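The structure under discussion appears below in the form of C-alpha cells.
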Amino acid sequence: MSFKQRMLAAMKAFAEPNAVTDTSQLMGEIAALKAGSTVRANGRQVNLEPLDNAYKKKPSRADRTLHYINKALDAANLKTGRVLEIGGRENPRSQHFTKFEYTALDLVETGPGVLVGDITDCPHIPDNSFDFILSVDVFEHINAPWKAAKEISRILKPGGSTYHTTLFSWRYHPCPIDYWRYTPEALAFIFSDLESVEASFDDAERRRDITGAGRAHPIKPDALGGWRENWRVHYIGMKK
C-alpha cells in the first residue's frame, strides 16, 4: 500500500471509527477493570479512578494549545499577517486567526484552501512567506523532523514566530505512521536556526487512562487499564 493510500485509509478510519473495528467488547473490559482497579504505591493501595479523572480539573488540551498559540503571537507582536498550519486538514484552527490570512498544509488534497505539500521538502513555498507557522500533534508523524524544522525556518519571515506541540510520552497511534517522541531540548535542538522562546513539558494529562480504539491503536488493557504516562511538549521559536 502506498503512502497516499495509507493516509486516505487513516482519514477514513478517523471519520468512521466503527467501520474499522467494533470496540464495544474492549470498552467493556476497560470499564470492568476500572471498577475495582487499585495499585499499591508508597505502602498503600491507590484507587486508579481519581488518577484517571484528574486531568478534567485542568484546562482542556484545546485551551492549553490556544494559550501557547497566543503566547507565540505575542512574542512576535503579531496582530495580523500570514499563518500556515502544518497538517491542518479541515482547517482545525482557522477560527483562531480571523484577522490573519490562514493557509493549511497537508500531504493530500483534503478540501478547498488546503495547500498540498510535504513540510520536509516544499520548494514550491518561497523563502520568508509566513509570519506564523504552527503544528499540533504532527511532529511525531514526520519521518525526518530535522528537515521539517529547516523548511519551517526557511519559509518563516524574519521577526515571525512558530509554535509546535507534540509528544514526549503517548500511546502508539499510527496516523498513518507514528515515528518519534521528543523532549523540549530535542525540539529546541532541531530548531537551532531559530531563537528559542520556550520549550517545556506539559503533564496535565499524565495519568489519564488512554486506550484508543480501532486497529490504529493496538493497546490491550491490563490491570491498570490503558496507557498512563502522557506528557506533551511545547515549543515556541522566533526568526531574527
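Table for the structure above
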| read-out | value |
| --- | --- |
| Phi to ³J(HN,Hα) by Karplus 6.51 cos²θ - 1.76 cosθ + 1.60 over region 140-156, Hz, x for Gly, Pro | 5, 9, 8, 6, 10, x, 5, 6, 4, 4, 5, 5, 4, 4, 5, 8, 7 |
| Projected label distance in nm at Arg206 and Ala62, using a 7 Å step from Cα toward the beta-carbon | 2.6 nm |
| Simple Cβ-charge dipole of region 52-181, Lys/Arg +1 and Asp/Glu -1, about Cα centre, in debye nearest 20 | 600 debye |
| Amide hydrogen neighbours beyond the local backbone of Thr183, cut-off 5 Å, H modeled | none |
| Zone residues, region 61-102, relative to Glu195, backbone N less than 14 Å from point 7 Å out along Cα-to-Cβ | 74-78 |
| Summed side-chain charge close to Val233 - residues other than Val233 whose Cβ falls under 14 Å, Lys, Arg +1, Asp, Glu -1 | -3 |
| Counted charge near Glu205, where neighbours are those whose Cβ lies closer than 9 Å (Asp, Glu -1; Lys, Arg +1) | +4 |
| Likely footprinting exposure, Ile190, Ile86, fewest C-beta neighbours within 10 Å first | Ile190, Ile86 |
| Contour minus Cα-Cα distance for Asp74 and Ser169 (0.36 nm per residue) | 31.4 nm |
| Counted charge near Arg82, where neighbours are those whose Cβ lies closer than 9 Å (Asp, Glu -1; Lys, Arg +1) | -1 |
| Fraction of beta bridges assigned by DSSP in region 131-240 that are antiparallel (%, nearest 5) | 75 percent |
| Estimated FRET transfer efficiency (Asp121, Asn47; beta-carbon r; R0 41 Å; 0.05) | 0.25 |
| Region 55-162: antiparallel DSSP beta bridges as a percent of all, rounded to 5 | 5 percent |
| Table column - 3J(HN,Hα) (Hz), region 159-170, Karplus curve with 6.51, -1.76, 1.60, x for Gly and Pro | x, x, 10, 9, 9, 9, 10, 9, 10, 9, 9, 7 |
| Charge dipole (region 66-196, unit charges on Cβ, about Cα centre) - positive-most of Val83, Ile190, Pro126 | Val83 |
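No lab work stands behind these numbers, since they all come straight from the coordinates. It should be emphasised that the depicted structure is a prediction, and the values quoted were computed from it without experimental measurement. A quick note on method: Cβ atoms are made from the backbone with ideal geometry, for glycine too, and the neighbour counts reach across all protein chains shown.
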